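The values are calculated or read from the model by the stated rules, or taken from the named source; none is laboratory data. These numbers were taken from a predicted model, which means no experiment stands behind them. Here the Cβ is made from the backbone with ideal geometry for all residues, glycine too, and neighbour counts use every protein chain on show.
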C-alpha cells in the first residue's frame, strides 16, 4: 500500500494548524482551534502576548493570500492573522478576552471636549486664514508699484530708459 504525500499550503490561513504532538489521532484536547481572526498581525501578537501571560499556548498564522502580499516578503504587519489556541485552553482564552474587554475604556467623546468649543474652533481657523490671506495680498500689492516703474530690458522699454 502506498502512502499519498501532499504538499501543504505555503502558510497563512488555510495552512494546517501546528502539530499537536499526538500522532495516534486520539483525543485529549491537544489539537488547535481558532480563537479569533485579528485585523492585523500587530493586534494578533499583542493578544498572543496577553494570552501567554495567562498561561495559554498561542499560535498566530498570517494570511498571506491577500493581493500584493508578495511586496512585503511575507512580513506584512497589516495582513489579517488567525489566533489559534489549544482546544483544552479555549475556555481560558475566552476568559482572558472577556477580561481585556472589561478593562478597556468605554468608547465615547475624548476628555476635555465640549460642545461650546466645537463651533468656535473652525470659526477661529477660518478667521485666521482670511486674515493671513488679506495680509499677504496687501504685502503683494504694496510691492507692485516699485516693480512697475523700472524697466529691466532697455531694448524693450524705448523712451523709459532711466539711469540707475
Next item on the list: Check whether at least one residue in region 71-78 is part of a loop (DSSP other than H, G, I, E, B) and surrounded by 14 or more Cβ atoms within 10 Å (Cβ to Cβ), and report yes or no.
Entry: yes
Note to self: The conditions are (1) part of a helix (DSSP H, G or I); (2) modelled with pLDDT under 70, and residue 49 fails exactly one of them. Which is it?
What the structure shows: (2)
Next item on the list: Kindly indicate which of 158, 146, 112 is in a helix (DSSP H, G or I), at pLDDT below 70 and either in contact with a helix residue (DSSP H, G or I) (Cβ under 7 Å, 6 or more places away or on another chain) or on the phi > 0 side of the Ramachandran plot (or both).
Entry: 158
Note to self: Would you confirm, using the coordinates I've provided, whether residue 35 is buried (at least 18 other Cβ atoms within 10 Å of the Cβ), within 23 Å of the chain's Cα centre (by Cα), modelled with pLDDT of 90 or more and in a helix (DSSP H, G or I)?
What the structure shows: no
Check: Got at least one residue in region 24-32 being at pLDDT 85 or above and either in contact with a helix residue (DSSP H, G or I) (Cβ under 9 Å, 6 or more places away or on another chain) or assigned to a helix (DSSP H, G or I) (or both)?
Finding: yes
Check: Within region 61-68, is there a residue that is assigned to a strand (DSSP E or B), buried (at least 19 other Cβ atoms within 10 Å of the Cβ), modelled with pLDDT under 95 and in contact with a helix residue (DSSP H, G or I) (Cβ under 8 Å, 6 or more places away or on another chain)?
Finding: yes
Notebook entry, point to check: Any chance region 85-98 includes a residue that's in a strand (DSSP E or B) and either modelled with pLDDT of 85 or more or touching a strand residue (DSSP E or B) at 6+ places or on another chain (Cβ under 8 Å) (or both)?
Noted result: yes
Check: Hey, among the residues in region 54-85 that are within 11 Å of residue 35 (Cα to Cα) and in contact (Cβ under 8 Å) with a residue 60 or more places away in the chain, which one's nearest to the chain's Cα centre (by Cα)?
Finding: 82
